[in-house]
Ligand SMILES: [Zn+2]
């Protein structure tokens, strides 16, 4: 399967998965065995069917971080960078967007903690002892592959839905346009509030739940 730039960022995480589980997960995800994904506020519930049997497993995948409260910040980035938004609509990743997300450690791009988080919190009803069983990994792959050709879908992993994000982008774009019109300037207004983001993050057992914003790197 051809991997896009987003899926490539997941290679270090997938390298920590048992190779036989990864192969089985790839088969499951490619055959459409991952069904009925539903967000429960803390993560994703999904059912993974097992081919040739009536058995199915219930999988739960934790959110990678909680950025639901930062949806508007993400929307503002996209309003400032219409090229990033255009790439999304074209079904491809803009490398500078990926680099930007990495630089700010926005965890739609996996970090060094991602594999540990998935291993510690994911659950499955199969008998496998390894938490990164084929079913858990199949659900993860389904999300990754989807986001490879639908970049904003990556934000589902941190609790932001694509439609919600696009609605906010529209609002932020309108706000930018009217601010530029009022001031007669075309540059970005200075209300880019980093203060909220700079506050110490509430640290969960598996690390930071907020992005680290580096003010010198702007959209
Ligand atoms: Zn399983």
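What follows draws every value from the coordinates through simple rules; no lab data is involved. The model shown is predicted, which means the values in this text are computed figures rather than measured ones. In this analysis, Cβ positions are derived from the backbone assuming ideal geometry, glycine residues included, and neighbour counts consider all displayed protein chains.
Below are the figures for this structure:
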read-out: The stretch 63-177: relative contact order as a whole-number percent, Cα under 8 Å and 6+ apart; value: 45
read-out: Approximate spin-label separation residue 129-residue 72, in nm, with each point projected 7 Å along Cα-to-Cβ; value: 5.0
read-out: Rel. contact order, % - alpha carbon contacts under 8 angstrom, at least six apart, the stretch 5-208; value: 28
read-out: The stretch 1-77 versus the stretch 155-176: alpha-carbon centroid distance in Å; value: 22
read-out: Computed FRET value (nearest 0.05) for residue 102 with residue 55, which takes r as the C-beta separation and R₀ as 45 Å; value: 0.70
read-out: Estimated FRET transfer efficiency (residue 15, residue 175; beta-carbon r; R0 41 Å; 0.05); value: 0.45
read-out: Most to least packed among 34-42, 131-139, 102-110, 166-174 [average Cβ atoms within 10 Å]; value: 131-139, 102-110, 166-174, 34-42
